[in-house]
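Okay, structure first, notes after.
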Amino acid sequence: MKLTSYGAAEEVTGSCHLIETGNSKILLDCGLIQGRRKDELRNHDAFPFNPAELDAVVLSHAHIDHSGRLPMLINQGFNGRIHTHAATCDLLDILLKDSAALNARDVDYRNKRRARAGKPLLTPLYDKQDVEKTIKLLQPLEFQTPLRIAEGVTIQLFDAGHILGSAMVELVLVEREQSRTVVFSGDLGHRGSPILHDFSYLKKADLLLMESTYGNRLHRDWSETLDEVSEIAGKLSSVRGNILIPAFSVGRSQMILYTMARYFTEWNLKRYKIFLDSPMAIKASEVYLKHTNLYDEEAAAYYKDNGPLLAMPNLHFSESADESRAINAMPSGAIVVAGSGMCTGGRILHHFKHNLWRPDAHVIISGYQSNGTLGRKLVDGADSVKIFGRPTAVRAQIHTIGGLSAHADQQGMVDWYTHFDNTPPVLLVHGEKKSMITLAGRLKDECGARAKAAKRGKTTDLLALDKFGR
């Protein structure tokens, strides 16, 4: 038995982890690499294993850095089942089609320049037909429902509290009377955040494959975050200009709109026109409104008393490009929630083009910004950034609210670990090197854990875990 990480090893995106026994091969996640252009080019590389030999794929959740290479996996020979939560199946139909369209547009744009330069043309990673093939292989699974997916491999999903349907994965592996339990955290959610339940606690594991996105940071408590947001809302209630909120289409956008709806009166939001300017976020919101059984107690009570979570009298869904462009005719009075979350593309860039240079404009950064992204440059205080290749002055006020993150912070990860009855070794993934080193150190010092960062392509022997970390 062995485990090899081929993605999200000493980096945040590109989740891809292979588990092998003598009889079966299981892939955990198959995500796109996101961030700098040179990193994203690695998405075109062939898989370092034979997809046709895989017995099954287990998908933790729908975010594209965990799911975005699935159509490529199928194009290269995989024909098994993709096991994931039912809500994730609904979201994947949206996210993968959007990913295919975005990639096609990007390749078309780049090919025009390459053709003029006499360079070979690029091929899209996949198209919508490839996505349709992927969707047909999805096998929905509810939380806490054990399922044998291959010889000697039984899985069970538990609520990770990150986005709708997000799961941590327990795998029980059996080979020649030897048994190992591997738990993959997926992306752990931020405890106390709106709509979803907090992440589950498990008791037993022989090895943890554990995310570390915020392994070197602490979030404010959700109550403190609400106070911070309320303070910003109070300051902005009498200002001119527009408020721009770059947000991930799945999870963050719905959380933001639900919070606005709950505090609509207190924050005097009636004076604004509020726009959800993202076709994908609009479709994802419909999925959130469908799976009411996944709401936490507070959201369930709100839904019972008030109806759909996101409803506000001045909320507008901007589906078409014309509707999006019309927003930019407004010099003030608009709150715009638009993708992408890290400001690497999407409609938020057009709103930046029209507002970022205005001193009376405001940008609220509500989530993690990877190195090299436009969002990270804004957080780091850049005076000027490039929008569509042209320098643009940053005169808008930038507000960073870390407590709105959909990821657990360092304390949340440590608390999750301490609930295991034993002290299982930890292989850290899904984080920058600094985050991994910091989290590994704390797990060692406070919990006595053997913890280390996964290295891309390096294999861990699951039958020799007594030697782990030595």
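The values are calculated or read from the model by the stated rules, or taken from the named source; none is laboratory data. On a predicted model such as this, the values are computed, not experimentally measured, just so you know. For neighbour counting, all protein chains shown are included, and Cβ atoms are generated from backbone atoms with ideal geometry for every residue, glycine included.
Things to note:
- Residues that are surrounded by 17 or more Cβ atoms within 10 Å (Cβ to Cβ) and not in a strand (DSSP E or B) within the stretch 165-184 comprise Gly165, Ser166, listed in sequence order.
- The listed residue being buried (at least 17 other Cβ atoms within 10 Å of the Cβ), farther than 22 Å from Asn103 by Cα, more than 25 Å from the chain's Cα centre (by Cα) and in the same structural domain as Pro246 (by TED's automatic domain parsing), out of Tyr302, Tyr288: Tyr302
- Members of the stretch 259-278 found to be crowded, with 23+ Cβ neighbours inside 10 Å and aromatic (Phe, Trp, Tyr), listed by number: Phe275
- Remark: pairs (first residue in the stretch 96-120, touching a residue at least 40 places away in the same chain (Cβ under 8 Å) and in the same structural domain as Asp29 (by TED's automatic domain parsing); second residue in a loop (DSSP other than H, G, I, E, B) and surrounded by 11 or more Cβ atoms within 10 Å (Cβ to Cβ); Cβ separation under 6 Å; 6+ apart in sequence or on different chains) = Ser99/Gly68.
- Here Leu226 passes the criteria (1) closer than 30 Å to Ala396 by Cβ; (2) of a type in the set (A, V, I, L, M); (3) assigned by TED's automatic domain parsing to the domain that holds Ala160 except the one numbered (3).
- Count of the stretch 141-158 residues which are surrounded by fewer than 17 Cβ atoms within 10 Å (Cβ to Cβ) and farther than 22 Å from Glu53 by Cα: 4
- Hits in the stretch 350-377 - residues which are over 22 Å from Met255 (Cβ atoms), assigned to a helix (DSSP H, G or I) and without any contact (Cβ under 8 Å) to a residue 40 or more places away in the chain: His350, Lys353, His354, Lys377
- Of everything in the stretch 58-67 that is outside any loop (DSSP other than H, G, I, E, B) and either without any contact (Cβ under 8 Å) to a residue 40 or more places away in the chain or of a type in the set (Ser, Thr, Tyr) (or both), the residue that is nearest to Thr459 (Cα to Cα) is Ser67.
- In the stretch 306-313 there is at least one residue that is surrounded by fewer than 20 Cβ atoms within 10 Å (Cβ to Cβ), under 30 Å from Leu157 (Cα atoms), more than 23 Å from the chain's Cα centre (by Cα) and modelled with pLDDT under 95.
- The listed residues are Ser332, Ser324, Ser320, and the only one of them that is of a type in the set (S, T, N, Q), assigned by TED's automatic domain parsing to the domain that holds Gln254 and in contact with a strand residue (DSSP E or B) (Cβ under 6 Å, 6 or more places away or on another chain) turns out to be Ser324.
- Count of residues meeting criterion [over 23 Å from the mean Cα position of the chain (by Cα) and assigned to a helix (DSSP H, G or I)] in the stretch 228-260: 8
- Only one entry in His83, His162 is in contact with a Pro (Cβ under 9 Å, 6 or more places away or on another chain), in the same structural domain as Lys204 (by TED's automatic domain parsing) and not in a helix (DSSP H, G or I), namely His83.
- For the stretch 317-375, the tally of residues that are surrounded by fewer than 20 Cβ atoms within 10 Å (Cβ to Cβ), under 18 Å from Gly35 (Cα atoms) and of a type in the set (Phe, Trp, Tyr) stands at 0.
- Taking each residue of the stretch 317-341 that is aromatic (Phe, Trp, Tyr) and looking for partners that are surrounded by fewer than 22 Cβ atoms within 10 Å (Cβ to Cβ) and in a helix (DSSP H, G or I) with beta-carbon atoms closer than 6 Å, six or more apart or interchain, yields Phe317/Ile282.
Quick grid of which residues meet (1) touching a strand residue (DSSP E or B) at 6+ places or on another chain (Cβ under 7 Å); (2) part of a helix (DSSP H, G or I):
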{"position": "Asn422", "(1), (2)": "no, no"}
{"position": "Met436", "(1), (2)": "yes, yes"}
{"position": "Ala440", "(1), (2)": "yes, yes"}
{"position": "Glu446", "(1), (2)": "no, yes"}
{"position": "Arg456", "(1), (2)": "yes, no"}
{"position": "Leu463", "(1), (2)": "yes, no"}
{"position": "Gly469", "(1), (2)": "yes, no"}
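- Matching entry among Thr145, Thr154, Thr123, Thr134 (being out of contact with any Gly (no Cβ under 6 Å at 6 or more places or on another chain), assigned to a helix (DSSP H, G or I) and not aromatic (Phe, Trp, Tyr)): Thr134
- Odd one out for Gly412 among (1) touching a helix residue (DSSP H, G or I) at 6+ places or on another chain (Cβ under 9 Å); (2) closer than 18 Å to Ser212 by Cβ; (3) of a type in the set (Gly, Ala, Ser): (1)
- In the stretch 424-433, of all residues being farther than 16 Å from Gln411 by Cα and of a type outside the set (Asp, Glu), the one that is surrounded by the fewest Cβ atoms within 10 Å (Cβ to Cβ) corresponds to Lys433.
- Yes/no for Arg105 being within 24 Å of the chain's Cα centre (by Cα), at pLDDT below 95, more than 22 Å from Arg148 (Cα to Cα) and basic (Lys, Arg): yes
- Flag: Leu465 does not match the condition of being crowded, with 22+ Cβ neighbours inside 10 Å and within 30 Å of Arg176 (Cβ to Cβ).
- When the criteria are applied in full, Asp187 meets the requirement of being closer than 30 Å to Pro425 by Cβ, surrounded by 19 or more Cβ atoms within 10 Å (Cβ to Cβ) and touching a Ser or Thr at 6+ places or on another chain (Cβ under 7 Å).
- Residues in the stretch 105-127 that are among the aromatic types (Phe, Trp, Tyr) and surrounded by 12 or more Cβ atoms within 10 Å (Cβ to Cβ): Tyr126 alone.
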